[in-house]
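Some notes on the structure that comes next.
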Amino acid sequence: MTVPTSNTTPSAGALHRKVIIAMALVFALAPLVGVYPVFMMKVMCFALFACSFNLLLGFGGLLSFGHAMFLGSAGYAAAHAAKIWGFTPELAILFATACAAGLGWVAGKLAIRRQGIYFAMITLALAQMVFFFSLQAPFTGGEDGIQAVPRGRLFGLVDLSQPIAMYALVFTVFMGGFLLIYRIVHSPFGQVLQAIRENEPRAISLGYDADKFKLRAFVLSAALSGMAGGTKALVFQLASLTDVHWSMSGEVILMTLLGGMGTIFGPVVGAAVIITMQNYLAELGSWVLVVQGGIFVVCVLLFRRGIVGELGAWLKKSL
C-alpha cells in the first residue's frame, strides 16, 4: 500500500513559511500599534475555530452543521473547571479540549455512517441536543451562562488578569493550533484525507479505511474547536448559549467559505473579516446580518474560491 505524499513544492513551502511569519508578526504586534487587544484575541479564537472547521470541510470534504457544539461545550467545560473546580488556566483549556474531543468521537461515530446532507443534518441534530442540554443543565447557568470566570494564574505564576499576559497566552494557543493543523494537512494522514475527499471509492480500493480517517479528522477538528472555545471562555470570562447556538455553526461556515475553503490561510482571513464587521458595524444592529449576507453573496458571485483562494489562483500559488 502506497501512502500519498505531500504535494507541497519547496517553493510553496517557502511561501507558506513567509506568510506564517508575517501572520504571526501581525498578531503579535497589533496591540503595539493601537489595536484593541480583546478584539484581536477574539479574532484569534475564531480564526482557530474556523481553521479547525476547514480541516474537516476543506480537506476532509465533510460539511458539519453542528460545529458550534464543540466550541460552546468546551467553553462551558473550561468555565466550570476554572470557576467551580479551581483549575489553573492551562488545565482548564486542556480539560475543555479533551471534553470536545470526547464529544467529537461520540458525534463522529454516529455521523460518519452517512454522507452528504445526511451527515450534515445528523451533526445539526446532535448540536441542537447539546444546545438544549446546555440550556437545561443546572451547572451551565441556563440563559445567564457561567459568568465571572476567573482567568487565574498560568502555571500558578503568570497573572492572566494582565491584558498582555492573556494576549500572549491566546497568541500561543492560536499559533500552536494553526501550526498543528498545517502539519496535519501536509502529513501522509492529511494527504489520505484529501484523497478520500476527492474520490472515496478509489481510496477504499487502495486499501484505506475511509471511515477511520474521517473519524480521526472529525475528532481532531472537534478538539481544536474545543481549544478555541475554552480559550475564548477565559478571554471573555463568560460561557454562554451564544457559542453553542446553531447560528454559530453558520458563522464558522461563512468564515471558511469567505476566506477560502480548502486553503491554509483562508479561514484566518475569513474570521478576521467577519469579526471586524461584527465589531465595527455593531451600531447597525440587526442590519449587520444583512450586510454580512450581501458580502457573502458578492463573494460567492465574484470570489468563488474565497478571498485567499482567488488570491492564490491569481498568484498561481497554493495558499
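The values are calculated or read from the model by the stated rules, or taken from the named source; none is laboratory data. Fair warning: this is a prediction, and the values are worked out from it, not measured in the lab. Note that we place each Cβ from the backbone using ideal geometry, even for glycine, and neighbour counts take in every protein chain shown.
State which residue is farthest from the chain's Cα centre (by Cα) when the search covers only the stretch 28-42 and only residues that are touching a residue at least 12 places away in the same chain (Cβ under 8 Å) and surrounded by fewer than 23 Cβ atoms within 10 Å (Cβ to Cβ). Spell out the reasoning first.
Step one: list which residues in the stretch 28-42 are touching a residue at least 12 places away in the same chain (Cβ under 8 Å), which gives 28, 31, 37-42.
Retained after the next criterion (residues that are surrounded by fewer than 23 Cβ atoms within 10 Å (Cβ to Cβ)): 28, 31, 37-40, 42.
Numbers: ALA28: 20, PRO31: 23, PRO37: 20, VAL38: 18, PHE39: 17, MET40: 15, LYS42: 12 Å.
In this case the residue turns out to be PRO31.
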Taking interchain pairs and intrachain pairs at least six residues apart, which have beta carbon atoms under 9 angstrom, with the first residue in the stretch 298-319 and under 17 Å from ARG17 (Cβ atoms) and the second hydroxyl-bearing (Ser, Thr, Tyr) and modelled with pLDDT of 80 or more? VAL308/THR263; GLY312/THR263; SER318/THR263; LEU319/THR263
Can you give me the number of residues within the stretch 106-118 that are on the phi < 0 side of the Ramachandran plot and either of a type in the set (Asp, Glu) or part of a helix (DSSP H, G or I) (or both)? 8
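Considering only residues that are in a helix (DSSP H, G or I) and not aliphatic (A, V, I, L, M), which ones fall in the stretch 279-293? Give the steps one after another, and end with the answer.
From the stretch 279-293, those in a helix (DSSP H, G or I) are 279-280, 282-284, 287-293; that's our starting set.
If the condition is that a residue be in a helix (DSSP H, G or I) and not aliphatic (A, V, I, L, M), then ASN279, TYR280, GLU283, TRP287, GLN292, GLY293 are the ones that fit.
Considering LEU62, LEU56, which residue is in contact (Cβ under 8 Å) with a residue 60 or more places away in the chain, part of a loop (DSSP other than H, G, I, E, B) and aliphatic (A, V, I, L, M)?
After ruling out the rest, the residue left standing is LEU62.
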Scan (1) within 21 Å of the chain's Cα centre (by Cα); (2) in contact (Cβ under 8 Å) with a residue 40 or more places away in the chain for the single condition PHE189 breaks and write down its number. (2)
Sole exception among (1) at negative phi; (2) touching a Lys or Arg at 6+ places or on another chain (Cβ under 7 Å); (3) at pLDDT below 90; (4) buried (at least 24 other Cβ atoms within 10 Å of the Cβ) for ALA313, by number: (4)
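When you go through GLY226, GLY260 one by one, which is the residue that is surrounded by 23 or more Cβ atoms within 10 Å (Cβ to Cβ), at positive phi and in contact (Cβ under 8 Å) with a residue 12 or more places away in the chain?
Sole residue among the options that is surrounded by 23 or more Cβ atoms within 10 Å (Cβ to Cβ), at positive phi and in contact (Cβ under 8 Å) with a residue 12 or more places away in the chain: GLY260.
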Just one of (1) surrounded by fewer than 16 Cβ atoms within 10 Å (Cβ to Cβ); (2) assigned to a loop (DSSP other than H, G, I, E, B); (3) at pLDDT 80 or above trips up VAL297, so point out which. (2)
Residues within the stretch 156-212 that are under 15 Å from ALA228 (Cβ atoms) and either aromatic (Phe, Trp, Tyr) or not in a helix (DSSP H, G or I) (or both), tallied: 3
For the stretch 58-80, which positions are surrounded by fewer than 24 Cβ atoms within 10 Å (Cβ to Cβ) and within 14 Å of the chain's Cα centre (by Cα)? PHE59, LEU63, PHE65
For MET227, work out the one condition from (1) out of contact with any Asp or Glu (no Cβ under 7 Å at 6 or more places or on another chain); (2) farther than 18 Å from GLU90 by Cβ; (3) hydrophobic (A, V, I, L, M, F, W, C) it doesn't fulfil. (2)
Count of the stretch 186-245 residues which are more than 30 Å from ARG151 (Cβ to Cβ) and either out of contact with any helix residue (DSSP H, G or I) (no Cβ under 7 Å at 6 or more places or on another chain) or of a type outside the set (Asp, Glu) (or both): 32
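Out of THR263, THR242, THR276, THR256, I need the residue that is among the β-branched types (Val, Ile, Thr), at pLDDT 85 or above and in a loop (DSSP other than H, G, I, E, B). Which one? Walk me through it before giving the result.
On the way: THR242 fails: in a loop (DSSP other than H, G, I, E, B); THR276 fails: in a loop (DSSP other than H, G, I, E, B); THR256 fails: in a loop (DSSP other than H, G, I, E, B).
Selected residue: THR263, the only one of THR263, THR242, THR276, THR256 that is among the β-branched types (Val, Ile, Thr), at pLDDT 85 or above and in a loop (DSSP other than H, G, I, E, B).
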Output the number of residues of the stretch 267-289 satisfying the condition of being over 16 Å from PHE39 (Cα atoms) and surrounded by 12 or more Cβ atoms within 10 Å (Cβ to Cβ). 4
Hey, among the residues in the stretch 127-152 that are out of contact with any strand residue (DSSP E or B) (no Cβ under 7 Å at 6 or more places or on another chain) and among the polar types (S, T, N, Q), which one's surrounded by the fewest Cβ atoms within 10 Å (Cβ to Cβ)? GLN136
If the Cβ limit is 9 Å and pairs must be 6+ apart or interchain, which residue in the stretch 83-105 that is at positive phi and crowded, with 16+ Cβ neighbours inside 10 Å pairs with which residue that is modelled with pLDDT under 95 and in a helix (DSSP H, G or I)? none
Of all residues in the stretch 130-140 being without any contact (Cβ under 8 Å) to a residue 24 or more places away in the chain and assigned to a helix (DSSP H, G or I), which is farthest from the chain's Cα centre (by Cα)? PRO138
